[in-house]
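Q: Input: one structure, supplied below.
The values are calculated or read from the model by the stated rules, or taken from the named source; none is laboratory data. Just so you know, these numbers come straight off a predicted model, no measurement behind them. Counting neighbours? That spans all protein chains shown, and the Cβs are built from the backbone with ideal geometry, glycine included. In case anyone asks, the SASA skips ligands and DNA or RNA and just uses the protein heavy atoms, side chains included. Shrake-Rupley method; radii C 1.70, N 1.55, O 1.52, S 1.80 Å.
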Amino acid sequence: MALLTIHTYPDPVLKEQAKPVTEIDSRVRKLIDDMAETMYDAPGIGLAANQVGKLEQIIVIDLQKPEIQQGLIALINPVIIKAEGTTKYEEGCLSVPGFYAKVKRHEKVTVRALSPEGKQITLEADGLLAIALQHEIDHLNGYLFVDRLGPVGRELFKRKWKKRMADKGKSFARGS
Ligand code: QAP
Ligand code: CO
């Protein structure tokens, strides 16, 4: 097991389309293990391969709430095959640390994917899991939650991020 580096905005790898996994071998299973370890260490509730610099269609999710007894979900080549309803949820992302905003999503989704054992699975989800699945599958297609904010929210994000980067530069110059 190994911790991987989480790439943060505006790293270009976050804007790229991940490629389908064609063979689920020990290399892919190790990547899944390392992604899970990296997610738990952060800590976060979801991670997509783009975020650790790998353009492969792999996501891991663990909502880590005692009332949700789901445990670790690892999905390969996940696709949303059905979506219904709309909902809004305040999202964050390990690749956009310290920024949170409400994002409009589908309320219920059905996802088809391969399990780490190579089995075809179909997952029906609502609530927080439905949000997490849409957020992570978005990553595989090169989208961040800040791309889904609408023009006003996106400008607010860019302004805040620029200010944060400028403040960081100042503290670096001071050596603090
Ligand atoms: C995606 O997000 C997600 O800003 C996973 O400073 C978001 O794990 C799924 C995190 C909303 C469902 C709903 C964010 C950690 C973690 C931060 C995360 C931070 C430290 C985010
Ligand atoms: Co994310």
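Q: Of all the residues that make up segment 126-176, how many are at positive phi and part of a helix (DSSP H, G or I)? Walk me through how you get there before you give the answer.
A: Taking segment 126-176 as the starting set, the residues that turn out to be at positive phi are 127, 142, 150, 175.
Checking the rest, the ones that are also part of a helix (DSSP H, G or I) come to 127, 150.
Count: 2.
Q: Can you tell me which residues in segment 76-101 are under 17 Å from GLY46 (Cα atoms), without any contact (Cβ under 8 Å) to a residue 60 or more places away in the chain and more than 10 Å from ligand 1 (Cβ to nearest atom)?
A: ILE76, ASN77, VAL79, ILE80, ALA101
Q: Just one of ARG164, ARG174 is away from ligand 1 (no atom under 16 Å from the Cβ) and not acidic (Asp, Glu); which is it? Write out each step before concluding.
A: Working: ARG164 fails: away from ligand 1 (no atom under 16 Å from the Cβ).
Going through ARG164, ARG174 in turn, the sole match is ARG174.
Q: I'm trying to understand the selection: among the residues of segment 105-148, which are open to solvent by 20 Å² or more (accessible area, probe 1.4 Å), within 16 Å of ligand 2 (Cβ to nearest atom) and farther than 19 Å from ILE45 by Cβ?
A: Result: ASN141, ASP147.
Q: Which one is surrounded by the fewest Cβ atoms within 10 Å (Cβ to Cβ), of the residues in segment 50-77 that are away from ligand 2 (no atom under 14 Å from the Cβ) and in a strand (DSSP E or B)?
A: Restricting to residues being away from ligand 2 (no atom under 14 Å from the Cβ) and in a strand (DSSP E or B), the top hit is LYS65.
Q: Can you tell me which condition LEU47 does not meet? The list is (1) part of a loop (DSSP other than H, G, I, E, B); (2) within 23 Å of PHE157 (Cβ to Cβ); (3) not β-branched (Val, Ile, Thr), and all the others hold.
A: Result: LEU47 passes all but (1).
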